[in-house]
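The values are calculated or read from the model by the stated rules, or taken from the named source; none is laboratory data. Computed from a prediction, not measured in an experiment: that's the story for all the values here. Note that we place each Cβ from the backbone using ideal geometry, even for glycine, and neighbour counts take in every protein chain shown. We work out accessible area using only protein heavy atoms, side chains counted, and drop any ligands, DNA or RNA first. Shrake-Rupley method; radii C 1.70, N 1.55, O 1.52, S 1.80 Å.
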Amino acid sequence: MKFSEFVKGLYHTLYTGVSHLFRKRMTTMYPETQDYPTMDMYAYDPKAGVAISGWRGRHYLDMSKCTGCQLCYIACENIAEAIEMIPVPGAAHPQNKKSIYPGVDYGRCVFCGFCVDACPFYALYMTPVAELSEMDRNKLWYTPLDLSKPPPVNPAPRVNMNIDIKRGVHDER
Amino acid sequence: MPEPKWCIAIGACSISGGLYLDSYNVMQGIDQYIPVDVKVPGCPPSTYAIIDGIMLLMEKIRNSDIKGRYLTEEVKR
């Protein structure tokens, strides 16, 4: 091996190592920083004819657009059977005469997004919210009123973890 | 398995049967047979959902009385 090749290799190694110090870190400290607002919602683009890519999480239902046509229910019927049309008596929207809206069972939903594609009035979206875990099975049923809440703008972690840098996760009891 | 122990159902298949709900060799949810503490929906659940489910289980462990849960009535006396 020539001496010039040795110097070249040494320089290349050091340059690669030092240049990684100034790069932006890809790791997200998850429970403290949640980047929902920067993420896209999974929705159907009528002009392009294809779905806009985005995170597929909890649905968002626009109750002022939903007409109760049950197409999302039909799209889900032979896949997961998670969507069921639920009557909401209090909701007074003129376009929905039967006053039925989709409710989703997240114990069965596989987040395929076919209901979003099937909606002809663009009333269903999928938000990036993925924190749906519950202790009770019945709480995984989301009524139309639950689905019509928009995703949180500044989400806080659901559980306060009490992380100490020196001791790690600890339990003060 | 010795106590204390907890159980997390991860994914739609373990919560309700998922896509194979009507299949003859799939149970309609594991919580009919063994007690499940936390259910994490998704098919498959995203990494955020699994971290959130484990954090929810940590909160449950923190708020629960482990002695009272597992000791039988005779030992309590």
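Counting only strands (runs of 3 or more DSSP E) that sit wholly inside segment A:65-173, those with at least 1 residues that are at pLDDT 90 or above are A:83-87, A:100-105. Taking the criterion of being within 14 Å of another protein chain (Cβ to nearest Cβ), open to solvent by less than 20 Å² (accessible area, probe 1.4 Å) and not hydroxyl-bearing (Ser, Thr, Tyr), the residues of segment A:88-109 that qualify are A:Val104, A:Asp105, A:Gly107, A:Cys109. Screening A:Lys8, A:Lys47 for residues that are charged (D, E, K, R), open to solvent by 90 Å² or more (accessible area, probe 1.4 Å) and not in a loop (DSSP other than H, G, I, E, B) leaves exactly one candidate, A:Lys8.
Please indicate, with yes or no, whether at least one residue in segment B:12-29 is in contact (Cβ under 8 Å) with a residue 24 or more places away in the chain, out of contact with any helix residue (DSSP H, G or I) (no Cβ under 7 Å at 6 or more places or on another chain), surrounded by fewer than 21 Cβ atoms within 10 Å (Cβ to Cβ) and not in a helix (DSSP H, G or I). For segment B:12-29, residues in contact (Cβ under 8 Å) with a residue 24 or more places away in the chain, out of contact with any helix residue (DSSP H, G or I) (no Cβ under 7 Å at 6 or more places or on another chain), surrounded by fewer than 21 Cβ atoms within 10 Å (Cβ to Cβ) and not in a helix (DSSP H, G or I): absent. Looking across segment A:111-130, just one residue is open to solvent by less than 20 Å² (accessible area, probe 1.4 Å) and either free of Cβ contacts under 8 Å to residues at least 60 places away in the same chain or basic (Lys, Arg) (or both), and that is A:Cys115. Would it be correct to say that A:Glu81 is surrounded by fewer than 16 Cβ atoms within 10 Å (Cβ to Cβ) and of a type in the set (Asp, Glu)? No; evaluated as a whole, the condition is false for this residue. For segment B:45-67: of the residues being more than 7 Å from chain A (Cβ to nearest Cβ) and not in a helix (DSSP H, G or I), which is most open to solvent (accessible area, probe 1.4 Å)? My answer is B:Asp65.
Listed here are the residues, each with its yes/no results for (1) open to solvent by 70 Å² or more (accessible area, probe 1.4 Å); (2) closer than 14 Å to A:Cys115 by Cβ; (3) of a type outside the set (D, E, K, R).
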| position | (1), (2), (3) |
| --- | --- |
| A:Thr13 | yes, no, yes |
| A:Val18 | yes, no, yes |
| A:Gly54 | no, no, yes |
| A:Leu61 | no, yes, yes |
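Quick check: is even one residue across segment B:35-44 more than 9 Å from every other protein chain (Cβ to nearest Cβ) and touching a helix residue (DSSP H, G or I) at 6+ places or on another chain (Cβ under 8 Å)? So far as segment B:35-44 goes, no, none of its residues is more than 9 Å from every other protein chain (Cβ to nearest Cβ) and touching a helix residue (DSSP H, G or I) at 6+ places or on another chain (Cβ under 8 Å).
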